[in-house]
There are 2 protein chains.
Amino acid sequence: MPKYRDDVDRVLRALADPTRRGIVERLAKAPAAVSVLAESFDMSLPSFVQHLGILTDAGIITSEKTGRVRTVSLRPGALDVLHLWLDEQRTDAERRADRLGIHLARHHEGAPS
Amino acid sequence: MPKYRDDVDRVLRALADPTRRGIVERLAKAPAAVSVLAESFDMSLPSFVQHLGILTDAGIITSEKTGRVRTVSLRPGALDVLHLWLDEQRTDAERRADRLGIHLARHHEGAPS
C-alpha cells in the first residue's frame, strides 16, 4: 500500500512542526483568511506561506480565493489516515482491553440503572 | 498545558521518520530483542540504536535487559496523547457528523434486524 504509506509520511512530517500544528489547531475552529491567520504567527509572510504549502501538499488544508482574499480551511477527514495508522499500532494487550471494555459496556447497558 | 504540548511534539517528531515508524509497527505485533529487531532494518547498529533512543525519549517504547539480551517493547497507551490531539482537531462539521452517526447507530440497534 505505497499510497497509504506516503500519505502517513506526508501527514506526520507536516504535523511534526509546532507552527504547522498551530495552524491546524486554529483552522479546526474555523476557516480563516491567510492574512488574518498569518497575524497569529510570529514570522515573515513568505515563511508562513511555505508552512501553508506543506500542509496543502500533505492534503491537510485546502484554500479558495474569493476576490482578493484567500481563505484556508482544514480538509474534513484529512487526518483520518493518521487515525487509521494509530489504530493499527495498538498492541494485542490494548486490543484485549478494548474488547473487555466493549463487553462490560454492553453488559452494563442491559443492567438496571 | 506545556507538558501535553511537549508530549505531542516529541511523539510527532519521533513518528515523522519512516524507520522509527517501522520499529513501532514491528513492536505493535510483539516485543523483540534489539539484535533481532535491528536485522530488519538496513543500517548500522549505532544508527539503529539512536532511533531507539528517540523513541524511548518520546515515551513510545521501553526496554528491559535480561542477562545479555535487551528486549524492546511498545509502551501501552504511549500513543494516546496523539489520539487526544487528533480528536481535538476535528472540525465542527465532523463533530456534527459523528453525533448523527451515533444517533443513527442507536436508532438502528432498536429496529428489528
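The values are calculated or read from the model by the stated rules, or taken from the named source; none is laboratory data. Just so it is clear, the structure is predicted and the values come from calculations on it, not from any experiment. Positions of Cβ are generated from backbone atoms using ideal geometry, with glycine treated the same way; all protein chains shown enter the neighbour counts. We work out accessible area using only protein heavy atoms, side chains counted, and drop any ligands, DNA or RNA first. Shrake-Rupley method; radii C 1.70, N 1.55, O 1.52, S 1.80 Å.
Are there helices (runs of 4 or more DSSP H) fully within segment B:6-113 with at least 2 residues that are at pLDDT 90 or above? List them.
Per the criteria, B:18-29, B:34-39, B:45-57, B:80-88.
Inside segment B:77-91, can you point out the residues that are at the interface with chain A (Cβ under 8 Å from one of its Cβ atoms) and either without any contact (Cβ under 8 Å) to a residue 40 or more places away in the chain or open to solvent by 70 Å² or more (accessible area, probe 1.4 Å) (or both)?
The answer is B:G77, B:H83, B:L86, B:E88, B:Q89, B:R90, B:T91.
Name the residue, out of B:V72, B:V8, B:V24, B:V36, that is in contact with a helix residue (DSSP H, G or I) (Cβ under 9 Å, 6 or more places away or on another chain) and either over 21 Å from A:R95 (Cβ atoms) or of a type in the set (K, R) (or both).
B:V8
Quick one: A:R106 ticks every box in (1) within 14 Å of another protein chain (Cβ to nearest Cβ); (2) closer than 24 Å to B:W85 by Cα; (3) of a type in the set (D, E, K, R) bar one, so which box is it?
Answer for A:R106: the failing condition is (2).
Answer yes or no as to whether B:T66 is free of Cβ contacts under 8 Å to residues at least 24 places away in the same chain and under 13 Å from the mean Cα position of the chain (by Cα).
no
Can you tell me which condition B:R96 does not meet? The list is (1) within 13 Å of chain A (Cβ to nearest Cβ); (2) without any contact (Cβ under 8 Å) to a residue 12 or more places away in the chain; (3) under 24 Å from the mean Cα position of the chain (by Cα), and all the others hold.
(3)
Please identify the pairs in which a residue from segment B:23-49 that is away from chain A (no Cβ under 11 Å) and in contact (Cβ under 8 Å) with a residue 24 or more places away in the chain has its Cβ atom under 8 Å from the Cβ atom of a residue that is charged (D, E, K, R) and not in a helix (DSSP H, G or I), counting only partners at least 6 apart or on another chain.
Qualifying pairs under 8 Å: B:A33/B:R70; B:V34/B:R70.
I'd like to check something: does segment A:4-21 contain any residue that is over 30 Å from B:T19 (Cβ atoms), surrounded by fewer than 19 Cβ atoms within 10 Å (Cβ to Cβ) and either out of contact with any strand residue (DSSP E or B) (no Cβ under 8 Å at 6 or more places or on another chain) or more than 9 Å from chain B (Cβ to nearest Cβ) (or both)?
No, there is no match, as no residue in segment A:4-21 is over 30 Å from B:T19 (Cβ atoms), surrounded by fewer than 19 Cβ atoms within 10 Å (Cβ to Cβ) and either out of contact with any strand residue (DSSP E or B) (no Cβ under 8 Å at 6 or more places or on another chain) or more than 9 Å from chain B (Cβ to nearest Cβ) (or both).
So, in segment A:35-56, exactly how many residues are surrounded by fewer than 17 Cβ atoms within 10 Å (Cβ to Cβ) and over 13 Å from the mean Cα position of the chain (by Cα)?
Result for segment A:35-56: 14.
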